[in-house]
Structure formats: structure tokens, C-alpha cells
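The values are calculated or read from the model by the stated rules, or taken from the named source; none is laboratory data. Everything numeric here is computed off the predicted structure, so don't read it as measured data. As a convention, Cβ positions derive from the backbone with ideal geometry for all residues, glycine included, and neighbour counts pool all protein chains shown. We work out accessible area using only protein heavy atoms, side chains counted, and drop any ligands, DNA or RNA first. Shrake-Rupley method; radii C 1.70, N 1.55, O 1.52, S 1.80 Å.
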Amino acid sequence: MFRLLVVRLHCPITHMADERSRYSRLAPFPVQERLRLSLLAIHFFSPLAYREVCAAIRKTPPAENRIEPLGGHDFLTYLKETNQLLEADRYIYRIRELLSQLADAHLLTEMGRGRDVMIGTLYYFMRELTEREQQGVLWLAPALGAEFIHHVFSTVTVHLTGINSDGDVRAGTGLVIAPHWLLTCAHVLRKMKVHERQVLGTTEITVLRTLVHDAIDVGLVEVSPALPCLPGLAFRNPDIAETVFTVGYPRVPLSREPTLVMHKGEITSAMITTFTAQKLFLYSAIARPGNSGGPIIATTGHVVGIVTEELAEKASEVSMPFHAGVCAAEITRAIGELEASVALPVEEYQ
């Protein structure tokens, strides 16, 4: 009797699913589409754009010297009226999710609830951006998450190759910090002669020279032609226990091509001083040979340092090494002492 009841309950549901198609589109937006829609939302909910967006959605604004918060349903209407998203109503769940993520990241300020049950939260965009944040979109990282960070940093994180003294091919990671300059670790450049010709994505570049600091594990590679930079790229020092990601090109066994690998962890010590007087910080994300020189990125989108050599008791023994990084302040000092024609882009909060 129980089995018969189960059949009778399930058959009508299957039949109904076959007769109609789902109205809502539930697939996640690709990262580039999430970025585009986020920027549209920031503009839409900005008080400075209030009159403009009211006109676009045919909404009568209050008195000339007043503004009122707009809601998620208004934003859907805006996407439809401006042809920014075809059949916008069918993406109501994903739009609601995106607006919530922007609010959770304190990029949108919730201003109560409107009448719409599904997407009725009212918002303002009240965030004041720093001068460096205004140059790009990295400030959206807290809302758009790890996929966004991987996406944007993949364009400026490079695979550096060369040969060691035995003629074996070696590699490390570099970060584009200026059109003609890559940042990496000094030990990466010491342990191999960098190939004069490098292929970065689809671009072939020529290495003009390398600079190595004597005391700080920081190196620079000057290249030509100019490489595209990441707008708004900014370094700052790490904070204890904040979440970070390592991004780089460690050697992956059996892989036919270099692969950009990302690991998540947290800052476990914001500053230590080694017996060799190096000032480093520690983190729990995994870094492997080949990661050296790669950026360590906070969830805020800031680069807090670069991967340096791990700290272990003895290289010949099995141990649990500490993963270490060179912080922004030390990188800045090293570049200044190298007297290169480049400065590290540092977040000054101005």
C-alpha cells in the first residue's frame, strides 16, 4: 500500500513538469555579467543618479529637493526599460542574490522594505571610494568573491621561465605592476637565468633586464613591449586573520601547460622577523614551488604581499613548514632601494 501511494504521489508531479517549462532562469550569471550588473546597480541606487533613473523607469519623483530610496523591483524595471537584460523578470532570483551580496559587502545600504514580496528591499549606494579604487573595479571584490578575484588577476599574473645552472627549466610567478615592469621574488631570479623571450598569454615579450634586492626577497623584471595593467591595482599590508588567496603558477605534475592555481587561507601572523633580519608575514594558504613571486590577495581585492620561500626547520626532513610572504611595506622599500623607474601602487586611502 505504501509503494502504491508513492507512485500515485509522484506520477502527477512528473507529468506536470513535462507539460510546462520553468519560467525562472536559475543558472548563475558568469563573472563578467555579475560585474556588469553590479556596476549598473551601483549607478542605479546612487542618489546622484536618482532623477535620471526615475525618468528611465517612468517613475514620478517627489519634490525637486527630495529623493527616496529605490527597490530591487525598480532595478528590474530599469534593466528592462534600458534593454540591459533581456527578460529581466526571469532572473529575479539571481538579481535578488546579487543585490544582497552587494549589501552584505556594505556597498549598498538597505533602507527598509517596499511592497514587492520577492525583491522589495530598498537601497542607496552610499560608499565613498578612494582615489585608487575609482581607477578600477577591484573594490567590488568583497561582493563578487573569489571567482572575480581569479578572473581579474589572471590577466596580470604571469608565468616566468628560465634555466638554472644545470640547464634545467625552472619557473616562478610574476605580477604586472606597471606597463614595463613585473614584480617577483629575488630568489626566483637568482635561481634561474630568465629566458629573454617570454610568452604571456598571447603576447610575446622581451626581458630587458632584471633587478634583485640583496636583503629583501624582491626582484623586478623590465620588459618590452608594454603590458596591460590592472586598473585600480593596490597594495596594502596584511591584517591578522583576514582571508587571503595565493595565485600563481606552481608546477603541476602531468599537466601539459602552465595552470593558474588559486588557494584560500588566512593571515596567521602579520609580521615576523627572521634570523636573517627579513620582515615577513605568515599565511595558511598553500604555496608550492613555482608560486614564488605570485600575489597574495585579500578578499577586499588588495594585494597584501608576494609569496616567498617557506620557513622550515630543515629542508631534508619531513616537516610542517610555514608559508611566508613579503608585505607591501617591504616591497615598497626594496623597490625604492633598487632605484628602478617604477613605484609600487599602494592604497593610501585618499
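State whether one or more residues within region 133-141 are part of a loop (DSSP other than H, G, I, E, B) and either surrounded by fewer than 20 Cβ atoms within 10 Å (Cβ to Cβ) or of a type outside the set (D, E) (or both).
Yes - at least one qualifying residue is present in region 133-141.
Since Y50 meets every condition but one in (1) more than 23 Å from L144 (Cα to Cα); (2) open to solvent by less than 20 Å² (accessible area, probe 1.4 Å); (3) not in a helix (DSSP H, G or I), which condition does it not meet?
That leaves (3) as the condition not met.
Select from region 49-69 the residues that are closer than 23 Å to S100 by Cβ, modelled with pLDDT under 95 and of a type in the set (A, V, I, L, M, F, W, C) and list them in ascending order.
I67
Answer yes or no as to whether G162 is within 30 Å of E257 (Cα to Cα), open to solvent by less than 10 Å² (accessible area, probe 1.4 Å), in contact (Cβ under 8 Å) with a residue 12 or more places away in the chain and touching a Lys or Arg at 6+ places or on another chain (Cβ under 6 Å).
Yes.
What residue, of P231, P253, is in a loop (DSSP other than H, G, I, E, B) and either within 25 Å of the chain's Cα centre (by Cα) or in contact (Cβ under 8 Å) with a residue 12 or more places away in the chain (or both)?
The match here is P231.
Identify, by number, the condition in (1) in contact with a strand residue (DSSP E or B) (Cβ under 9 Å, 6 or more places away or on another chain); (2) over 27 Å from A178 (Cβ atoms) that A277 doesn't meet.
The one condition A277 does not meet is (1).
Looking at region 53-86 only, could you name the residues that are outside any loop (DSSP other than H, G, I, E, B), among the aliphatic types (A, V, I, L, M) and touching a helix residue (DSSP H, G or I) at 6+ places or on another chain (Cβ under 9 Å)?
Correct list: V53, A56, L70, L76, L79.
Looking only at strands (runs of 3 or more DSSP E) that fall completely inside region 262-343, which ones have 1 or more residues that are open to solvent by less than 70 Å² (accessible area, probe 1.4 Å) and farther than 20 Å from F148 by Cα?
Counting at least 1 such residues, we get 279-283, 303-307, 323-327.
Take the conditions at pLDDT 95 or above, over 28 Å from L260 (Cβ atoms) and open to solvent by less than 30 Å² (accessible area, probe 1.4 Å) and apply them to Y123. Does it pass?
Values: at pLDDT 95 or above: yes; over 28 Å from L260 (Cβ atoms): yes; open to solvent by less than 30 Å² (accessible area, probe 1.4 Å): yes.
The answer is yes for Y123.
Scan region 89-113 residue by residue and report those that are of a type in the set (D, E, K, R), under 21 Å from W139 (Cβ atoms) and without any contact (Cβ under 8 Å) to a residue 24 or more places away in the chain.
E97, E110
Tell me, yes or no, whether region 167-176 has at least one residue that is in a loop (DSSP other than H, G, I, E, B) and not small (G, A, S). If you could, list the steps in order and put the result at the bottom.
Step one: of region 167-176, the residues in a loop (DSSP other than H, G, I, E, B) are 167-168.
From what's left, not small (G, A, S): 168.
Within region 167-176, one or more residues are in a loop (DSSP other than H, G, I, E, B) and not small (G, A, S).
Each row is one residue, and each column tells you yes or no for (1) in contact with a strand residue (DSSP E or B) (Cβ under 9 Å, 6 or more places away or on another chain); (2) open to solvent by 30 Å² or more (accessible area, probe 1.4 Å).
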{"residue": "L70", "(1), (2)": "yes, no"}
{"residue": "Y78", "(1), (2)": "yes, no"}
{"residue": "E87", "(1), (2)": "no, yes"}
{"residue": "R90", "(1), (2)": "no, yes"}
{"residue": "S100", "(1), (2)": "yes, yes"}
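If I ask for residues that are open to solvent by less than 40 Å² (accessible area, probe 1.4 Å) and in contact with a helix residue (DSSP H, G or I) (Cβ under 7 Å, 6 or more places away or on another chain), which ones from region 200-232 would you list?
L211, H213, I216, D217, V218, G219, L220, L230, G232
Is it true that some residue in region 181-196 is over 24 Å from V326 (Cα atoms), part of a strand (DSSP E or B), open to solvent by 20 Å² or more (accessible area, probe 1.4 Å) and not acidic (D, E)?
The initial filter retains those residues of region 181-196 that are over 24 Å from V326 (Cα atoms), namely 195-196.
If we keep only those that are part of a strand (DSSP E or B) too, we end up with none.
Checked region 181-196: no residue is over 24 Å from V326 (Cα atoms), part of a strand (DSSP E or B), open to solvent by 20 Å² or more (accessible area, probe 1.4 Å) and not acidic (D, E).
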